[in-house]
Amino acid sequence: MNASHQTQPRSVVARLSDTLDSIARWVQVIGAVVLFGVMIFTFVVVIARYVFNTPIRGDVELTQLASVAIVWLGVAWGQVCKSHLKVDLLVGRLSPRTSVMVETGTYLMIIAVVAIMVWQGISNAMYVISVGKITNAASLPLGPSAVMIPVGASLLLVVLLRDLLRNLTQIATMRVKNWQWVLIVGVPLVLLAFMYAFMQPSLQGLLPASTTALIGILVGLVFVFLGMPIGPALAIAGFVFVGNILNAKQGFGLAGADLFWQSADYSWSTIMLFILMSEFIVVSGIGVDAFTTAYRWIGRLRGGLAIATIAGCTLLAAVVGIPAPVIYAMGAVALPQMRKYNYSDVLSGGVISCGSCLGPLIPPSVSFIFYGIFTAGIIPGLILSSAFMTTIYVWCRVKPETAGVSEERFSWGEKFRSLKISTPISLLFILVMGGIYMGVFTTTEGGGIGAFLALVIALAMRRIGWLDFKKSVMSAARICAVMIFMVLGSMMLGRVLTVGGVGDLLSGFLGGLSPALVGIAVLIFFFIMGFFMDTITVMILTLPILAPILKDAGIDMVWFGVVLVMVINIGAYTPPYGLNNFILAGATDLKLATIFRGVMPFVITNVLVCALLFLVPEIVTWLPSVLR
């Protein structure tokens with residue numbers, strides 16, 4: 001029989017599914033074009049202001065509105081690529097049959113969340129358009145950007161419905177019993193009905209608001225551990241518990257005007273542009289060059305590749321300033337190299353996850369920019385980097401089977417020549433940091449300048465072609481959409497803490513304690529918050545409440561800012577949660593359980609470094625005081 005007769009025609013459903021994927025991809029392409037446009041626009045803004053002394057009016061507002069488009073035009077493609085982060089710690093231990101059933105139930109919950117976003121997004125967009133809302137400085141209309149949320153959420157909703165139908169079809173072939181169908185479909189629907197009832201006046205005020213808020217945090221975490229993507233899992237808990245504390249209208253309103261303004265936060269553009277820069281660094285091999293230099297100098301040591309990875313993380317962190325790009329870059333560069341020389345995945349995963357936390361400590365740190373300090377993290381960051389290297393060395397001495405030994409030997413001449421190949425990333429660091437310190441551009445603009453320079457360097461070195469360029473921009477846009485969508489969910493859940501009066505509860509509790517005890521208690525609180533929120537989100541939600549308490553207690557706010565960021569980042573890779581661990585698991589084929597085992601020695605090391613900073617605060621305060 002001919003091959004043509006053997007080929008079966010694709011069904012209408014399959015063709016429709018492919019068309020849906022194609023639409024999601026092309027919508028993502030538009031988001032990627034906008035992201036690249038923001039980079040070019042940022043470069044033009046800096047040149048116009050610094051070279052021609054001609055500031056462009058409304059540049060910040062235009063960037064904010066572009067951020068909304070980048071996020072919401074990419075969320076559907078993120079679902080197609082299964083890039084939305086979720087916890088497989090519990091679900092991953094289930095049988096494939098049970099796992100599909102649980103996933104199907106969670107799809108119903110996610111669809112409800114996204115449907116609310118569509119509903120409220122349409123409502124907010126219609127209001128913004130009807131009243132003709134515009135920005136303050138440049139009088140830009142807000143309507144087109146407001147429409148991006150319901151458009152992106154609607155496409156995501158359709159993709160989710162398609163995936164739900166796939167799962168239901170798969171379950172139907174498993175000969176599932178009737179009572180199992182009730183569990184799969186009935187339990188989520190009953191839970192959604194109860195949540196809606198929980199937001200109604202009849203059930204409001206049953207518990208103190210602070211207690212309700214704390215329960216809301218726990219419920220959000222339960223949803224996460226049931227395998228729901230982190231963003232929707234935290235968002236639905238935010239809707240419901242804000243609705244119970246205030247009212248249903250304000251609870252659902254989180255997905256309307258609040259979600260729009262959160263999506264338009266100017267700080268997202270900083271993150272997006274640094275992620276784009278990291279993608280250019282990765283695809284051009286500049287990050288590999290830094291790793292190669294470190295490898296030639298210390299690779300022959302047992303554990304040398306892991307130590308070189310920390311060195312690479314330190315250098316890369318000094319350029320990108322946030323954890324996620326470091327995780328993506330080192331996951332792509334260092335993990336294959338360590339596997340090549342028989343390093344255990346436990347050690348490799350732990351090294352990359354913990355090494356990424358150097359990003360928020362070493363300038364240009366987005367966290368410190370937001371906090372209002374810039375240089376204070378340099379010495380603590382270098383101390384932490386050295387402490388991690390020492391941990392690796394000791395670990396590999398105690399358990400030599402965890403790390404292979406490279407047989408390659410390099411002469412002193414080869415070692416010194418290898419410093420030359422690190423010149424591009426060193427130059428990039430000097431130009432970005434120098435421009436920020438000299439006041440040529442802001443830190444956010446530094447991300448755009450850094451991305452532009454990384455692209456120029458890659459082109460000059462002939463290390464990037466058209467396909468690599470497209471892949472980089474598309475990947476950056478997808479990562480931006482997925483990561484910020486997740487953070488938006490955490491911000492919605494974080495609103496529960498605010499409206500629940502948890503800050504007042506903390507004030508009352510901390511008021512009678514000594515300064516040392518106040519600092520310890522607050523840091524423990526931040527450590528827990530770091531489990532499921534990024535540093536900037538935690539700061540936004542808590543510092544307005546806690547800063548006056550800390551100042552009244554006589555705590556040095558520069559010192560506290562550094563320790564605060566370090567403590568939150570410990571939470572970011574500490575089991576049983578740890579946001580960095582999930583990002584690494586999503587970026588590589590490493591299992592969460594493997595990463596969790598690998599990070600524990602570094603958690604202990606990081607706690608000891610925090611204790612050192614607590615006992616000797618001059619380590620933090622000396623450099624800023626000298627520079628002042």
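The values are calculated or read from the model by the stated rules, or taken from the named source; none is laboratory data. Computed from a predicted structure; not experimentally measured. Cβ sites come from the backbone with ideal geometry, for glycine too, and all protein chains shown count toward neighbours.
Of all residue pairs spaced 6 or more apart or on separate chains, those with beta-carbon atoms under 8 Å, a first member in the range 166-180 that is more than 30 Å from D18 (Cβ to Cβ) and a second member that is outside any loop (DSSP other than H, G, I, E, B) and modelled with pLDDT of 85 or more are Q180/M101.
Of all residues in the range 116-132, those being touching a helix residue (DSSP H, G or I) at 6+ places or on another chain (Cβ under 7 Å) and surrounded by fewer than 17 Cβ atoms within 10 Å (Cβ to Cβ) number 1. Scanning the range 90-113 for residues that are at pLDDT 85 or above and touching a Lys or Arg at 6+ places or on another chain (Cβ under 9 Å) turns up just one, T106. Considering A237, A233, A255, the condition of being touching a residue at least 12 places away in the same chain (Cβ under 8 Å), part of a helix (DSSP H, G or I) and more than 19 Å from the chain's Cα centre (by Cα) is satisfied by A237 alone. Residues of the range 137-182 that are under 19 Å from D258 (Cβ atoms) and either part of a loop (DSSP other than H, G, I, E, B) or over 33 Å from the mean Cα position of the chain (by Cα) (or both): L142 alone. Taking residues in the range 295-307 that are in the same structural domain as P336 (by TED's automatic domain parsing) and more than 10 Å from F410 (Cα to Cα), and partners anywhere that are of a type in the set (G, A, S) and modelled with pLDDT under 75, the pairs with Cβ atoms closer than 6 Å and at least 6 places apart or on different chains are L305/G299.
Report yes if V482 is farther than 29 Å from I275 by Cβ, surrounded by 21 or more Cβ atoms within 10 Å (Cβ to Cβ) and touching a Ser or Thr at 6+ places or on another chain (Cβ under 7 Å), otherwise no. Don't jump to the end; show me each part of the working.
Details: farther than 29 Å from I275 by Cβ: no; surrounded by 21 or more Cβ atoms within 10 Å (Cβ to Cβ): yes; touching a Ser or Thr at 6+ places or on another chain (Cβ under 7 Å): yes.
No, not satisfied.
For (1) small (G, A, S); (2) more than 30 Å from E61 (Cα to Cα), each residue gets a yes or a no:
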{"position": "G143", "(1), (2)": "yes, no"}
{"position": "L155", "(1), (2)": "no, no"}
{"position": "T169", "(1), (2)": "no, yes"}
{"position": "V176", "(1), (2)": "no, yes"}
{"position": "V240", "(1), (2)": "no, yes"}
{"position": "L259", "(1), (2)": "no, no"}
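The one condition from (1) surrounded by fewer than 18 Cβ atoms within 10 Å (Cβ to Cβ); (2) under 25 Å from I271 (Cβ atoms); (3) at pLDDT below 75; (4) of a type outside the set (D, E) that P576 does not meet is (2).
If you go through the range 545-560 and keep only what is in contact with a Ser or Thr (Cβ under 9 Å, 6 or more places away or on another chain), assigned to a helix (DSSP H, G or I) and either modelled with pLDDT under 85 or not assigned by TED's automatic domain parsing to the domain that holds T594 (or both), you end up with I545, L546, P548, I549.
Table: residues versus (1) free of Cβ contacts under 8 Å to residues at least 60 places away in the same chain; (2) under 27 Å from I570 (Cα atoms); (3) outside the structural domain of G303 (by TED's automatic domain parsing).
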position: I392; (1), (2), (3): no, yes, no
position: F410; (1), (2), (3): no, no, no
position: F416; (1), (2), (3): yes, no, no
position: I430; (1), (2), (3): yes, no, no
position: G434; (1), (2), (3): yes, no, no
position: G447; (1), (2), (3): no, yes, no
position: G450; (1), (2), (3): no, no, no
